[in-house]
1. Take the conditions in the same structural domain as L471 (by the TED database), in a strand (DSSP E or B) and closer than 30 Å to G489 by Cα and apply them to P569. Does it pass?
2. Where in segment 423-498 are the helices (runs of 4 or more DSSP H), entirely inside, with at least 1 residues that are in contact with a His (Cβ under 7 Å, 6 or more places away or on another chain)?
3. Only one of these is in a helix (DSSP H, G or I), under 22 Å from I407 (Cβ atoms), in contact with a Leu (Cβ under 7 Å, 6 or more places away or on another chain) and of a type outside the set (G, A, S): L576, L603, L623, L583. Name it.
4. Would you mention how many residues in segment 255-277 are crowded, with 16+ Cβ neighbours inside 10 Å, of a type outside the set (S, T, N, Q) and part of a loop (DSSP other than H, G, I, E, B)?
5. Please verify whether segment 379-397 includes one or more residues that are touching a Lys or Arg at 6+ places or on another chain (Cβ under 7 Å) and either closer than 26 Å to S208 by Cα or in a strand (DSSP E or B) (or both).
6. Which of the residues spanning segment 494-505 are of a type outside the set (A, V, I, L, M, F, W, C) and closer than 30 Å to L337 by Cβ?
7. Being closer than 17 Å to M1 by Cβ and in contact with a helix residue (DSSP H, G or I) (Cβ under 9 Å, 6 or more places away or on another chain) is the filter here, so list the residues in segment 87-106 that pass it.
8. With respect to I345, determine if the residue is out of contact with any strand residue (DSSP E or B) (no Cβ under 8 Å at 6 or more places or on another chain), hydrophobic (A, V, I, L, M, F, W, C) and touching a residue at least 12 places away in the same chain (Cβ under 8 Å).
Amino acid sequence: MNLKVTAGDGRKKVLEGAAVFLFAETGPAKVLAASLDRESCGAIQDIWQLGDFAGRKDQISVIYPGKKAGGIRRIFLIGMGKKEAFSRDIFRGAAAKAGQAARSQRIKDLVVVLDADHLGISWPEAAFAAVEGVMLGLYRFREYKTNIEEDPDLETLTILVPDAQRLDLVKEAAVRAQTISRAVYLTKYHLSETQAAARLKTLLSTPSALRPIAAEKALVWVQEKLSLNLAENQIEALRAAVSHKVLVITGGPGTGKTTIINAILRIFSASGAKILLAAPTGRAAKRMSEATGREAKTIHRLLEYSPQKGGFQKDETSPLDCQALVVDEASMIDLILMHHLLKAIPASATFILVGDGDQLPSVGAGSVLTDVMKSRCIPVVELREIFRQARESSIVLNAHRINRGEIPRLLSTRDGLDDFYFVEQEDPEKVLELIIRLVTERIPQRFGLDPLEDIQVLTPMHRGLVGAANLNSVLQKALNPGEEGLQRGGRFYRVGDKVMQISNNYDREVYNGDIGRIVRLDSELQEATLTFDGREVVYDYADLEEIVPSYAVSVHKSQGAEYPAVVLPLLMQHYLLLQRNLLYTAVTRGKKLVVIVGTKKALAIAVRNDKTRQRFSLLSQRLRMP
């Protein structure tokens, strides 16, 4: 369907059908509708005066002016009810009636006569609602899909405005509405996306609960208190944090995100603000706590999720008790969770998202951090400078090279001590043997790292010889051998096994991605006892399907975690998943050591492939909506 926006009085622009929107008490609009009435030889006034059309909400009348009206074949009069009860939603519904009418009468060219001044809303709002409404009115659902793209009867939709001064405003809003109106959602995702956008707008527009902070004085003070010499873009981030209600701080490894979080917390605390910290996963929350010296909770714990009570206990009716909320690892937050989080943030609170937009997107639906950054409606500060200590790390330097689409600087394990190595091997069986030797012998002997506690094998895929399933099987035999254990389905569990929780269990307070160890298997009680960060958790044998061996995990499952050492197989059999953001995410999981085993061809493909799997989201467009 073609979308046009034009200005004028309606003469010779209406071909098949025109839609005119009227209030119950005011009658035809003075500008466009009046000129259209003249073109139709007074047909609009006639039907109004006869009482056949009274402008009631959802009332619709079709006028056939006849040959003497020139090019006008049909005029759709659509009622909007009383003006004092009018809203943009009512206008969108009226526009949908126009779309339905055009569809039922097989109109190919429809003109919407738009007069925002008469409606009492802004021109962008009116244009957006008009196009969105007409598009929604065109939908015909058949076999769970719409045929709007397959056989659209409406070929051209024209928005007619009174004068050329309105054109630019109206055009931009109309095009955005056309894009959004072509989407079909599951209900929960549509609700989450629209409400998340609305809540972010509310946060932006509501005055801050924080006491006013003199930015320049605060910058001098916090650098003295923390003995810092901040870079220019770090100073920019601090200025933004004290002057904006919502802020995104993004940057790669070694760019000082943790330093900035600590500086923001120090400034806010000095002003007497009540601050909460959160992260999407238990591991990320623990790292945030260690880095800041303050309690950080998972978002689920922060929002007091209760399966017994049916969901999150913190929401708009029972908001969080804070004046500022800082959330780390924001790239991991999916659309549904962000919606729940935004509902619980007080409208007057400051909301700061910290993350790395170049990592893999969330496992769940949406690409929230990226969408927020693309919207240009929310301030974004990107930390770019790599600091001296980080510049000494090949992991950090190579991660930034990968992110720029450059091949990392490669050393073999024979080149002396460093923290980033590449071991070239094409044969998958030999790669498997190499990984076992690296984990069990070479890395522990050369770097003094514990195979179970410090070394994590990451892999792009679950299946295959060097996929997570087979790697776990062979590494379990190498690192925790023995005959005794428990067979459940296709998995074998032994005391001492390193395992991962693969779904959220709110009763046990163990969450997707948490790493633990099996300490007891009780065949009489049919129970397994595991430890997570020193806390014992008991599972019935029947619940062990929530637990998988984690000697090797997928790169996706490693999001939000850091490990002293990472070993990553990278072969052409991983072709479908050889992507830059996956490689970048894997490399940035390693703190002290990263070893890639595979082929330079697979590495080069991954570095060059910046085409990520498309995520269908309109959050950024909704944030730009009027």
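The values are calculated or read from the model by the stated rules, or taken from the named source; none is laboratory data. Not measured: the values here are computed from a predicted model. No Cβ is skipped: glycine too gets one built from the backbone with ideal geometry, and neighbour counts run over all protein chains shown.
1. Against the criterion (in the same structural domain as L471 (by the TED database), in a strand (DSSP E or B) and closer than 30 Å to G489 by Cα), P569 qualifies.
2. On the way: elements: 428-437, 443-447, 468-479.
Fully inside segment 423-498 and qualifying: 468-479.
3. Numbers: L576 fails: in contact with a Leu (Cβ under 7 Å, 6 or more places away or on another chain); L623 fails: under 22 Å from I407 (Cβ atoms); L583 fails: in contact with a Leu (Cβ under 7 Å, 6 or more places away or on another chain).
Among L576, L603, L623, L583, only L603 is in a helix (DSSP H, G or I), under 22 Å from I407 (Cβ atoms), in contact with a Leu (Cβ under 7 Å, 6 or more places away or on another chain) and of a type outside the set (G, A, S).
4. 2
5. Yes; the residues of segment 379-397 include at least one that is touching a Lys or Arg at 6+ places or on another chain (Cβ under 7 Å) and either closer than 26 Å to S208 by Cα or in a strand (DSSP E or B) (or both).
6. Residues satisfying the conditions are D497, K498, Q501, S503, N504, N505.
7. Filtering segment 87-106 down to residues closer than 17 Å to M1 by Cβ leaves 95-96, 98-106.
Passing the criteria: A95, A96, A98, G99, Q100, A101, A102, R103.
8. Values: out of contact with any strand residue (DSSP E or B) (no Cβ under 8 Å at 6 or more places or on another chain): no; hydrophobic (A, V, I, L, M, F, W, C): yes; touching a residue at least 12 places away in the same chain (Cβ under 8 Å): yes.
So I345 does not fit the description; no.
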